[in-house]
Amino acid sequence: MQTFRQKIFIGYGASLILVVLILAWAMFMMLRLGRASESILRENYRSIQAAEHMIDAIERQDSAILLYLLGYQEQGLKEFRENETAFLQWLGRARDNITIPGEKEIIDSIEQNYTRYLGEVVNLHLKGASNQGGAINLYHELILPLFRSTRDTCVKLREINHETMYAASNRAGQLSLQ
């Protein structure tokens with residue numbers, strides 16, 4: 001038969017074991033939450049970084065076209081090609097890092113617009129050799145709108161990832177409070 005002292009010890013022991021188990025479970029869940037949040041934030045940051053670099057590259061390409069139209073053809077073409085390579089590299093990185101719904105469609109749109117943009121730049125180069133006025137009109141009527149559309153779609157890619165990052169951060173904060 002157990003004494004009163006043994007019963008109290010067993011009761012406190014069981015309570016202590018329960019508290020230790022709850023603490024272990026809470027620590028496990030916090031670590032899991034931290035890893036999940038970190039992964040989401042890292043993936044979204046990569047997409048944001050790719051979008052930023054694509055925006056920078058296409059803006060530099062637009063400046064290179066203007067150099068070309070101002071008579072600095074060699075320098076303009078050189079800068080355009082360098083930034084074309086950079087844009088395509090960052091587009092590839094963005095495509096390899098699709099993590100959220102709607103991101104694939106945005107990247108497909110960027111790629112389609114950019115392909116059309118490159119095609120019109122080739123036309124500009126061909127036209128610019130023989131007809132400066134026609135080249136300037138081509139820039140204003142087709143190339144500039146394609147540039148803006150591509151850049152705006154890159155901005156949309158950046159924004160959707162910013163929003164997802166912010167929402168994930170808020171969810172993680174709320175879950176950690178719970």
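The values are calculated or read from the model by the stated rules, or taken from the named source; none is laboratory data. These numbers come from a predicted model, not from an experiment. A quick note on method: Cβ atoms are made from the backbone with ideal geometry, for glycine too, and the neighbour counts reach across all protein chains shown. Heads up: the accessible areas ignore ligands, DNA and RNA and are worked out on the full protein's heavy atoms, side chains in. Shrake-Rupley method; radii C 1.70, N 1.55, O 1.52, S 1.80 Å.
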FRET efficiency (Leu77, Glu105; Cβ distance; R0 30 Å; to 0.05) is 0.40
For the pair Val122 and Leu88, the simple spin-label estimate (label points 7 Å beyond Cα toward Cβ) gives in nm 1.1
Rounded to whole angstrom, the alpha-carbon centroid of segment 96-163 lies from that of segment 1-26 at a distance of 68
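Mind checking the per residue accessible area of segment 1-108 for me, 1.4 Å probe, whole number of Å²?
Working: 7510 Å² over 108 residues.
On a per-residue basis, 70 Å².
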Once normalised by the length of segment 76-154, the mean sequence separation of its alpha carbon contacts under 8 Å that are 6 or more apart gives a contact order in percent of 32
So for R0 = 41 Å, FRET eff. of Phe4-Arg171 from the Cβ-Cβ r, to 0.05, ends up at 0.25
Hits for the chain under the membrane-span-like helix rule (DSSP H, Cα axial span at least 30 Å, Kyte-Doolittle mean at least 0.0) are 4-69
Treating every alpha carbon of segment 87-165 as one equal point scatterer without solvent, the Debye formula yields log10 I(q)/I(0) values at q = 0.24, 0.25 Å⁻¹ of -1.04, -1.09
Carbon plus sulfur, as percent of the 1.4 Å-probe accessible area of the chain, comes to 60
